[in-house]
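The values are calculated or read from the model by the stated rules, or taken from the named source; none is laboratory data. All values reported here derive from a predicted model rather than from experimental measurement. Positions of Cβ are backbone-derived with ideal geometry, glycine not excepted, and every protein chain shown enters the neighbour counts. Heavy atoms of the whole protein, side chains included, go into the accessibility calculation; ligands, DNA and RNA do not. Shrake-Rupley method; radii C 1.70, N 1.55, O 1.52, S 1.80 Å.
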Amino acid sequence: MPKNRNTFSFLARRRRRAASWVVHRGWAWAQEAGAVTAEHPGRLRFGAIGEGTRLAFPQGTVFGEPWIQLGGHCIIGEQVTLTAGMMPDLDLGPEPILTLGDGVVLGRGSHVIADTTVSIGSDTYCGPYVYITSTNHSYDDPHEPVGKQWPRMEPVEIGPGCWIGTGAVILPGARLGRNVVVAAGAVVRGEVPDHVVVAGAPARVVRRWDPEKGWQPPLRTPAPVPIPEGVTPEQLLALAELEGEQEQEPGPDAD
């Protein structure tokens, strides 16, 4: 009896291992086949999609694609929602509603809701679960359910080179300048100048760049060491592996 039990256990492990291999290979194939690019748009027909741009699979809710323009070399993570208009199948006119510049990154689970114009500048990076919307609920009538009252809409503009942290919310009417850092979880409204860090809900400026004094208040961490000119990616990788091996070597006092 113990021998049979061991045999059954061995076969069960083999079947589980085989099933796991099939599932992971199948999912990897689905991710590759389901990704959206300019060459392989699938069912999505964007107003424009630049070279090198890729929407990871599975995509989130996407509609109003003819009024969505994506620049080149954008990275759109899994389950990212991109919408133009309040609902599908609307005629939104001749101009684009949602525009992403070149090199924009939208992290996993982010939402960009463009009922009126939303533009995100080139090389702006968004962490996971960022929410950008041009629409807000109104609650003018205290007797009517908020969800049934007509929403308010204001354009949103995010300048180039920004970094928007995980879980941040960009509200209607927000206008972010160039190279703005938005802290994780911040709620941003109104105008934000160039080269500042904002944090909090509602967000406020907590650090800004002064051409003469640098960052004020000063940064608490040392500046990163720049990569010397002429160093190749292969050399950097070899250096990182060498440092990792040195960290693992026991010291002279080790037993």
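Side notes on the structure shown:
- Beta bridges assigned by DSSP with both partners in region 63-159 are antiparallel in approximately 10 percent of cases.
- For the chain, excluding the exposed loop sites themselves (GluC sites (Glu not before Pro), DSSP loop, at most 15 other Cβ atoms within 10 Å), the longest remaining stretch covers 52-211.
- Accessible-area composition of region 78-227, carbon plus sulfur, in percent [1.4 Å probe]: 55
- Normalised contact order of the chain, rounded percent, pairs of Cα under 8 Å and 6 or more residues apart: 9
- Extension gain for the segment residue 16 to residue 232, taken as residue separation times 0.36 nm less the Cα-Cα distance, is 73.5 nm to one decimal.
- Here the dipole of region 44-193 is about 400 debye; that uses its Cα centre as origin and unit charges on the Cβ of Lys and Arg (positive) and Asp and Glu (negative).
- For region 128-205: rounded, prolate or oblate by the Cα gyration tensor [a/c cutoff 1.5]: prolate
- Gain on full stretching of the segment that runs from residue 32 to residue 61 - 0.36 nm per residue minus C-alpha separation: 8.6 nm
- Sequence-distant contacts, meaning Cα pairs under 8 Å at least 6 residues apart, place the relative contact order of region 1-106 at 21 percent.
- The simple spin-label model puts a point 7 Å past each Cα toward its Cβ; for residue 220 and residue 45 those points are separated by 5.3 nm.
- Full-stretch length increase - residue 87, residue 148 - with 0.36 nm per residue and alpha-carbon distance subtracted: 20.4 nm
- Shape of the chain, Cα gyration tensor, a/c cut at 1.5: oblate
- Residue-normalised accessible area of the chain, expressed per residue, 1.4 Å probe, Å²: 65
- The chain: angle of helix 233-248 to the longest principal axis, Cα-based, in degrees nearest 10: 60
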